[in-house]
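Report on the structure given below.
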Amino acid sequence: MIEAVGLTKRYGAKTAVYNLSFQVRPGVVTGFLGPNGSGKSTTMRMILGLDAPTSGRVTIGGHPFRQLPNAPRQVGALLDAKAVHGGRSARNHLLSLAQLAGIPARRVDEVLGVVGLQDVTKRRSKGFSLGMGQRLGIAAALLGDPQVLLFDEPVNGLDPEGILWVRNLMKKLAAEGRTVFVSSHLMSEMALTADHLIVIGRGQLLADMPVKQFISANSADFARVRTPDTEPGQREKLSGVLAEAGGQVLSETDGALRVTGLPLSRISDLAHGADVRLWELSPHQASLEEAYMRLTQGAVDYRSSDDKLAHLQAPPQPGQPGYGLPPQPVVPADVPQQGWYAPPPPGQNPYAAAPQPPAAAPAPPQAPPPSAAPQQSLQKPSDTTEDAR
Amino acid sequence: MTAPTPTPTPPPPYGYVSPIPVRRAHLGDALASEWTKIRSVRSTVWTLGTMVLLMLVIGLGVAAIAAGEGGNMGEESALPLGFFGMLPASICVITLGVLTISSEYGTGMIRTTLTACPSRARVLTAKAIVFFLLVFTVTLVVAFVVATAQVAMVEAAEPTGAEWARATVGAAGFMAVLGLLSMGVGALVRHSAGAITVMIGVLLLPLVAALFMFAPALKGVQEALFTYSVPSQMIALYSAQPPFGDSGPAGWEALFTLVGVAAVAVGGAYALLNSRDV
């Protein structure tokens, strides 16, 4: 059981983690998600007593980490697989850690077998591949056979077989009644592994709930509707009818419509009533990734932009074919840039304020009109940023 | 993925109990761990090997030259010849002392170590003890071998028991404490190259600076630098009287001065390591 209460960490003027409170319970795999720089690793380091919180506290089984009588026997952690002395062999590295906690040397050979490194025990870890290093880190975490396990990006660099192994390992550890806390960027992996999610953005709690509830609460399942391309009038007609019936309609670039707030059968009935033929009527289920992107889009610090190579391009030579393409007029897309995942974006995030929302049914989101979408995604939600700075 | 909502009543904290018996960890565990660490990296073998080589080759070489010249040592015994091997060897000890802690910072191993042992004072104490004993033992053996050879080769006054003690136990202690000072600086600076540079500077610069202080106004400073620079202290260790001028430490006092300086550095390392984020 890990319990954080009002955890805050400031580095000078920058607040890495602000007023974070959560519990990680035994018996389930708890996923820890957040965009880059959202404070995941800082939180992990504070749990392990490596960084001292500016205010608030975090305890493991009721004790601060640094006061545990024999920490590795209660908490195992993989923070950074590269945090080993490369000149030391795998076995000596683990042996030095085992001796720190009075763990018998037999256990070292045991965990080396568990992670599949039994053939390279004498090799210096400098020569290890990313995946082998990761396995060594996992071995170190398992060494003390602890009740609480923390893993920061455990599947980094692992091959598919290794990923499957880690997934099953996490589930097995949790099934044995241990507390398993895993951070990862791989949403598909989290959807398969985790039972519970803690999501942070800009150092603050965004969500703390079971995975299923998280997906249903943070995504809008939508229906894709396509009318015959040959009769553009039908599209306008259907849009009007659907909007009138209470659905939200967004048009996609290829002419299809995204409809939220109406069940498929109702859309079909309305189309029939309006005498509009349909070429496509398909349900679109949101994935964990979409739900996650929806929730965190306002809290992303590092966003990539197009690499235009603008200053490297030769000025276009008239009449000369080749690289110097004539400037193309930029056609604004009909659908907002980040709109490839479930629209419409949430007007406000109800989970930023209340960490434990009611077990809401996948209610149709009361969203702003689609035209508000682009500005919405560029703006930082004020309630998550202002008081953090 | 089968987690029902709401979450089922969780099992009590510590739902899992390990079959391996849990006991409190103590300093003895940390000592064993640090011994494993220091013996399992090549830098230890390289630095200590170089140190032994320098002490032997230079110590015996100087003795051979002195013997060839007729062994006119004045009233002194042959033991102070050991100094010439000690000086270059101390650079190896400085390097090893710094690396003992700064290599953990350089590789990130310190985070793994402090996760496995949250008591930072225990880690530093274990490092200091293991490092001290290792360097002390190795230096003691080599210094004794070199001193015996020097006394046998060079015709000079027969050394007294006190002189023997200072040239072996004293020299070994001096080297080990100099290493502890380096370890303290390594823990403060947390960067191998930086800390080694600082220590080489501390070792050599005062003497070099003093060499060029010709102005009479700087006479006092020059004398202080000559007296208290590390190489001068090493020479002082071998003689019963202050070797430069009338004041300044002589014999064991040279070692005690260094112990004081090292205590300050290591004390600072304890305080900072405990309060700093890793």
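Data for the structure
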item	result
Any hit, segment A:61-70, residues being aliphatic (A, V, I, L, M) and under 17 Å from the mean Cα position of the chain (by Cα)	no
Failed item, numbered, when A:A194 is tested on (1) under 22 Å from the mean Cα position of the chain (by Cα); (2) more than 23 Å from A:Q23 (Cα to Cα)	(2)
Selection from segment A:260-300 of residues that are open to solvent by 60 Å² or more (accessible area, probe 1.4 Å) and assigned to a loop (DSSP other than H, G, I, E, B)	A:P263, A:D275, A:R277, A:W279, A:Q285
Residues within segment A:195-235 that are more than 14 Å from chain B (Cβ to nearest Cβ), hydroxyl-bearing (S, T, Y) and under 14 Å from A:L288 (Cβ atoms), tallied	1
Where A:S21 falls short, out of the listed (1) part of a strand (DSSP E or B); (2) within 14 Å of A:L149 (Cβ to Cβ)	(2)
From B:G106, B:G97, residue being surrounded by fewer than 18 Cβ atoms within 10 Å (Cβ to Cβ) and in contact with a Ser or Thr (Cβ under 8 Å, 6 or more places away or on another chain)	B:G106
Subset tally (residues that are closer than 30 Å to A:T54 by Cα and in contact with a helix residue (DSSP H, G or I) (Cβ under 6 Å, 6 or more places away or on another chain)) for segment B:223-267	2
Residues of segment A:4-40 that turn out to be more than 10 Å from chain B (Cβ to nearest Cβ) and of a type in the set (D, E, K, R), as a count	3
Criterion (of a type in the set (A, V, I, L, M, F, W, C) and either open to solvent by 50 Å² or more (accessible area, probe 1.4 Å) or closer than 23 Å to B:P88 by Cα (or both)) met by exactly one of B:A215, B:A210	B:A210
Matching option when the condition is under 23 Å from the mean Cα position of the chain (by Cα) and open to solvent by 50 Å² or more (accessible area, probe 1.4 Å), among A:V17, A:V24, A:V5, A:V28	A:V5
Residue in segment B:113-122 that is within 17 Å of B:A89 (Cα to Cα), at pLDDT 95 or above and not in a loop (DSSP other than H, G, I, E, B) present	no
Qualifying helices (runs of 4 or more DSSP H) (wholly inside segment A:41-116; at least 2 residues being open to solvent by less than 20 Å² (accessible area, probe 1.4 Å) and within 9 Å of chain B (Cβ to nearest Cβ))	A:71-74, A:90-100
Unique match (being open to solvent by less than 40 Å² (accessible area, probe 1.4 Å) and either modelled with pLDDT under 95 or closer than 20 Å to B:R42 by Cβ (or both)) among B:V185, B:V154	B:V154
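For every residue, the table says whether it meets (1) touching a residue at least 12 places away in the same chain (Cβ under 8 Å); (2) buried (at least 23 other Cβ atoms within 10 Å of the Cβ).
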site: B:V22; (1), (2): no, no
site: B:A25; (1), (2): yes, yes
site: B:R42; (1), (2): no, no
site: B:G59; (1), (2): yes, yes
site: B:V62; (1), (2): yes, no
site: B:E75; (1), (2): yes, no
site: B:A89; (1), (2): yes, yes
site: B:K127; (1), (2): yes, yes
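The values are calculated or read from the model by the stated rules, or taken from the named source; none is laboratory data. The structure presented is a predicted model; accordingly, all values stated were derived computationally and were not measured. Positions of Cβ are generated from backbone atoms using ideal geometry, with glycine treated the same way; all protein chains shown enter the neighbour counts. Ligands, DNA and RNA are excluded from the accessible area calculation, which covers all protein heavy atoms including side chains. Shrake-Rupley method; radii C 1.70, N 1.55, O 1.52, S 1.80 Å.
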